[in-house]
Amino acid sequence: MNYLAPSILSADFCELGSQIEEIGNAGAQYVHIDVMDGVFVPSISFGMPIVSCIRPRTKLFLDVHMMVTKPERYVEEFVKCGADSVTIHVEASDCVEDTLKKIRSLGAKAGIALNPETPVKEILPYLEMVDMVLVMTVHPGFGGQAYIPECTDKIKEVRAAIKEKKLNVNLEIDGGVNLDNLQMNLDAGANVIVAGSAVFKGNITEKTKAFLDIMEQ
Ligand code: DX5
Ligand code: ZN
């Protein structure tokens with residue numbers, strides 16, 4: 001099954017509630033929530049209070065992407081605030097295994113993310129401990145960047161590893177995804193599609209439906 005995860009990093013924060021309602025009404029299944037700490041990535045976005053505010057406003061799946069150093073410090077709080085899934089970066093923690101186990105023990109889905117320059121082999125030891133792998137297709141930190149073409153092979157590599165181990169793990173891609181490169185990424189094996197600027201800049205309902213049309217084929 002494919003899922004569309006619009007990234008609210010590109011939303012109008014003054015209209016956040018209604019824009020989340022709009023993506024949901026148009027058929028999106030996830031809300032992708034980019035948490036940035038200004039250390040792991042150069043920029044700062046938002047944190048727990050945003051998740052707490054969104055939770056009572058929507059039934060959509062809240063997909064928290066932590067671009068945060070030592071994410072183990074905060075995973076419990078994000079789950080308590082209402083995250084359905086918490087994804088940590090393999091590069092960001094010295095205790096990846098314990099943190100993934102902690103996320104699951106709190107009742108949320110656990111994800112592991114890797115940056116464009118990180119080899120796939122770095123996440124393979126954790127494949128059995130996660131519900132999702134997030135392959136970054138840009139250098140994390142900002143919305144609106146161009147897709148890095150070399151990442152397509154990594155998507156194929158991760159999908160092959162999931163298949164080989166016969167696991168039920170979602171494969172999310174994040175960064176520079178648009179209507180022109182979507183099909184190529186689905187063909188490579190991605191099934192959770194993050195899109196920030198390609199959904200929120202312009203007519204949100206039309207853009208969401210255009211993504212889903214391709215994803216549901
Ligand atoms: C990048 C974030 C992305 C970002 C994607 O660091 O993790 O989720 O919002 O934005 P677009 O789709 O505009 O590249
Ligand atoms: Zn993200």
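The values are calculated or read from the model by the stated rules, or taken from the named source; none is laboratory data. Here the structure is a predicted model, which means the values were calculated and not measured. All Cβ positions, even for glycine, are placed from backbone atoms using ideal geometry, and neighbour counts span all protein chains on display. We work out accessible area using only protein heavy atoms, side chains counted, and drop any ligands, DNA or RNA first. Shrake-Rupley method; radii C 1.70, N 1.55, O 1.52, S 1.80 Å.
Assorted remarks:
- Short to long, the 10 Å bins of the Cα pair-distance histogram for the chain hold 9, 38, 40, 13, 0 percent of all pairs.
- Accessible surface, per residue, of segment 1-100 when the full set of protein chains is kept, probe 1.4 Å, Å²: 42
- 1.4 Å probe accessible area per residue over segment 171-217, in Å²: 40
- Accessible-area composition of the chain, carbon plus sulfur, in percent [1.4 Å probe]: 51
- For a straight C-alpha distance cut-off of 27 angstrom, the lysines reachable from Lys109 (same-chain residues fewer than eight places away being disregarded) are Lys59, Lys70, Lys80, Lys101, Lys121, Lys154, Lys156, Lys163, Lys165, Lys166, Lys209.
- Diffusion coefficient (Stokes-Einstein, Kirkwood radius over C-alpha pairs, 20 °C, 1.002 mPa s) for segment 1-128: 142 µm²/s, rounded to a whole number.
- The chain, relative contact order [Cα under 8 Å, separation at least 6], %: 22
- Candidates per GluC sites (Glu not before Pro) in segment 77-121, loop by DSSP, up to 10 other Cβ within 10 Å: Glu117
- Taken about its Cα centre, the chain carries a charge dipole of roughly 460 debye when the Cβ of each Lys and Arg holds +1 and the Cβ of each Asp and Glu holds -1.
- Where trypsin sites (Lys or Arg not before Pro) in DSSP loops with at most 10 other Cβ within 10 Å are excluded, longest remaining stretch of the chain: 60-165
- For the chain, calculated [θ]222 nm from helices alone, where every DSSP H run of n ≥ 4 adds -39500 (n - 2.57): -9000 deg cm²/dmol
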